[in-house]
Amino acid sequence: MVTVNILLSTYNGEKYLSDQIESILNQTFKGWTLLIRDDDSSDSTAEIIKGYESKDARIKFINKNKIENIGIHKSFKSLAKFSDADWYFLCDQDDVWLPNKIENMLNYTGEKSEEAKLVYSDLTTVDSNLNIISERIRNSKGHEAPILKDYLLQPTVTGCAVMFNRNLRNY
């Protein structure tokens, strides 16, 4: 079976964090581990994480005994290094995942590979009440090969829509 680590770095995320964790708990693919690192929040984020960790063994608060601010990039790097998995998903504290997100992305290319792989999806942007702002952030042109200038002139890969394998993490 394929192993999946979901990497979630938090900072003052109390307003949205529970919705995001609930959306992960409701995934159709159940074989995941949620690794959470808090970057020294001053609100109740750490308490929310501890509450979920006590309810579900798949949720790991990796720095609950040493909460310090190291910044978002180092925080995600420490999450990626914390535990081995076949696949890693990046996760923002204010996301809400559709129930089949993990399953769909794994079905696309969930096999183990010796190659470094990154898979990304489109996403829908919403407001704080989950009202849709934009159904898609990319303009789809069917299955045409991407044009390099399109990648250079507009953001094409959003961290919260990314899955990568262990070999890419190691690279």
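The values are calculated or read from the model by the stated rules, or taken from the named source; none is laboratory data. Note that the structure is predicted; figures quoted are calculated from it, not measured. Cβ atoms come from the backbone with ideal geometry, glycine included; neighbour counts cover every protein chain shown. Side chains included, ligands, DNA and RNA excluded: accessible areas come from the protein's heavy atoms. Shrake-Rupley method; radii C 1.70, N 1.55, O 1.52, S 1.80 Å.
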Report summary line: Scalar couplings 3J(HN,Hα) for region 88-94 by Karplus 6.51 cos²θ - 1.76 cosθ + 1.60 (θ = phi - 60°), nearest whole Hz, x for Gly and Pro, are 10, 10, 8, 9, 9, 5, 9
Query raised in the report: Hey, what do the phi angles of region 40-57 turn into as Karplus ³J(HN,Hα) couplings, whole Hz, using 6.51/-1.76/1.60 and θ = phi - 60°, x for Gly and Pro?
Result: 6, 5, 9, 9, 8, 3, 4, 5, 4, 4, 4, x, 5, 4, 6, 9, 9, 5
Query raised in the report: Counting Lys +1, Arg +1, Asp -1, Glu -1, what net charge surrounds Lys55 among other residues with beta carbon under 14 Å of its beta carbon?
Result: -1
Report summary line: Mean Cβ-within-10 Å packing, highest first, puts peptides 95-102, 66-73, 82-89 in the order 82-89, 95-102, 66-73
**Report entry** Phi-based couplings in Hz for region 6-23 (Karplus 6.51, -1.76, 1.60; Gly and Pro marked x)
**Finding:** 9, 9, 10, 9, 10, 7, 6, x, 4, 5, 10, 4, 4, 4, 5, 4, 4, 5
Query raised in the report: Sequence-distant or interchain residues sharing an amide H contact under 5 Å with Thr10, placed H: which?
Result: Arg37, Asp38, Asp39
Query raised in the report: Using 7 Å Cα-to-Cβ label points, what is the Ser42/Leu25 separation (nm, one decimal)?
Result: 2.9 nm
Report task. Would you calculate the separation in nanometres between label points at Thr3 and Lys74, each defined as 7 Å from the Cα along the Cα-to-beta-carbon direction? Result -> 2.7 nm
Report task. Would you tell me the accessible area of Lys60, worked out with a 1.4 angstrom probe on the heavy atoms of the protein chains, in Å² to the nearest 10? Result -> 80 Å²
Report task. Note down the accessible area of Leu118, probe 1.4 Å, to the nearest 10 Å². Result -> 90 Å²
Report task. Express in nm, to one decimal, how much length is gained between Leu118 and Asn65 on full extension, taking 0.36 nm for each residue of separation and deducting their alpha carbon distance. Result -> 15.9 nm
